[in-house]
1. Need pairs with beta-carbon distance below 9 Å; first residue at positive phi and within the range 218-244, second assigned to a strand (DSSP E or B); sequence gap 6+ or separate chains.
2. Which of (1) within 23 Å of residue 341 (Cβ to Cβ); (2) touching a Ser or Thr at 6+ places or on another chain (Cβ under 9 Å) is the odd one out, the single condition residue 192 does not satisfy?
3. Assess whether residue 191 counts as being exposed (fewer than 15 other Cβ atoms within 10 Å of the Cβ), polar (S, T, N, Q), within 18 Å of residue 244 (Cα to Cα) and at pLDDT below 90.
4. Taking the range 128-167 as the search range and keeping residues that are among the charged types (D, E, K, R) and not in a helix (DSSP H, G or I), which one is modelled with the highest pLDDT?
5. Take residue 272 and tell me if it is crowded, with 18+ Cβ neighbours inside 10 Å, under 20 Å from residue 331 (Cα atoms), basic (Lys, Arg) and outside the structural domain of residue 142 (by TED's automatic domain parsing).
6. Output the residues belonging to the range 215-229 that are surrounded by 15 or more Cβ atoms within 10 Å (Cβ to Cβ) and either more than 36 Å from the chain's Cα centre (by Cα) or within 22 Å of residue 345 (Cα to Cα) (or both).
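The values are calculated or read from the model by the stated rules, or taken from the named source; none is laboratory data. Predicted model, so just to flag it, every value in this text is computed and none were measured. Because the Cβ atoms are built from the backbone with ideal geometry, glycine has one as well, and the counts that use them run over all protein chains shown.
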Amino acid sequence: MASDVKQPYSFALITAAYITVLFALLILALEFIQDSEPVWWLVFLGILVCYVLSFLLIHFRTQLFIFKKVREIYDNVKLLEDVSLTADNITTDMASLSEEVERYAKSKKIEIESLRVQEEYRRNFLGNVAHELKTPLFTVQGYILTLLDGAIKDKSVRKRYLSRAEKGVDRLIYLVNDLDMITKLEVGDLNINYEYFDLVKLIYATFEMLEMEAAKRNITLAFDDSYAKEVMVNADQERIQQLLTNLIGNSIKYGNENGTTEVSIQDLIQNKLLIRITDNGEGIEPDHLPRLFERFYRVDKSRNRKVGGSGLGLSIVKHIIEAHEEKVYVESEFGVGSEFSFTLEKAEIIE
């Protein structure tokens, strides 16, 4: 290990020079006191021998003491398995050592902060999952226990309670599927199957799928234009439909009754499209916007419980868009309405 060490000689050279000067002054002083003619070649030889011996002695002692301590520091740090501290970097220069240790300390501080954030995120996630699972589980359990206690004999009660228990199970399945989806998206385990398809046709299909839900609240689903021609894009059709279902479905759930949900498609530069979903609902307060795409984040917890959902819809939207290497945006004015938009790669129509 010592052969790989950078050994600065400046300290030993300068210290030896100091000792040699003092030695020379001492010899000259003795010659002056004795009032005799000095033998200059012996003086110079003595000075040279003093310098060389001082240098060797100082350097040897420095190696035994300082380098030994520095090597212990590096060996201790190496136990932490930091690959940036290798034998090639070892030096007995205190300034270099100080810079190296300071750099190491900063990197560890950043790593510790990152671990602290991840731990907080994990703790919040587990708490949210437990909370979301608890409600439907207790609901299903309550109905089943009531039936087992004798209510199963009453046909009308039995059918009603089983129907409610089924809804609780459906909510559990919905939540578990969303959790599975977002986990795959976050770890990159979900493949994005790019294909060319007509975005207008896909949006119409999403309108048809959600028209009954919209009719319950008398909300109109519409385009801002006729879009007579195809608008071809290159993306994962299944994932984009899931994204549209989440965004348009949220617009229906949280929009005002007798309102409108409008979809528009705009051309952007660099072969990009901007898809906008706009509603005239109650809007979102500015304080909530930065956290809107977080898992389980709810703007109005009491209202979210009533309309259902897993609390993962917008987070899934964000991950689907990012998996396509695109962007998602949100703008909202409280009391006026909200607009969610995202970009997609435009494709030329194949004749």
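1. Hits for this filter: 227/265.
2. (2)
3. No, not satisfied.
4. Here the residue is 149.
5. no
6. 219, 227
One line per residue, one yes/no per condition, for (1) outside the structural domain of residue 237 (by TED's automatic domain parsing); (2) of a type in the set (Ser, Thr, Tyr):
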{"site": "154", "(1), (2)": "yes, no"}
{"site": "201", "(1), (2)": "no, no"}
{"site": "204", "(1), (2)": "no, yes"}
{"site": "207", "(1), (2)": "no, no"}
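A quick yes/no check of all residues on (1) at pLDDT 90 or above; (2) farther than 23 Å from residue 195 by Cα; (3) outside any loop (DSSP other than H, G, I, E, B):
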| residue | (1), (2), (3) |
| --- | --- |
| 253 | no, yes, yes |
| 258 | no, yes, no |
| 266 | yes, no, yes |
| 298 | no, yes, no |
| 306 | no, yes, yes |
| 326 | yes, no, no |
| 330 | yes, yes, yes |
| 340 | yes, yes, yes |
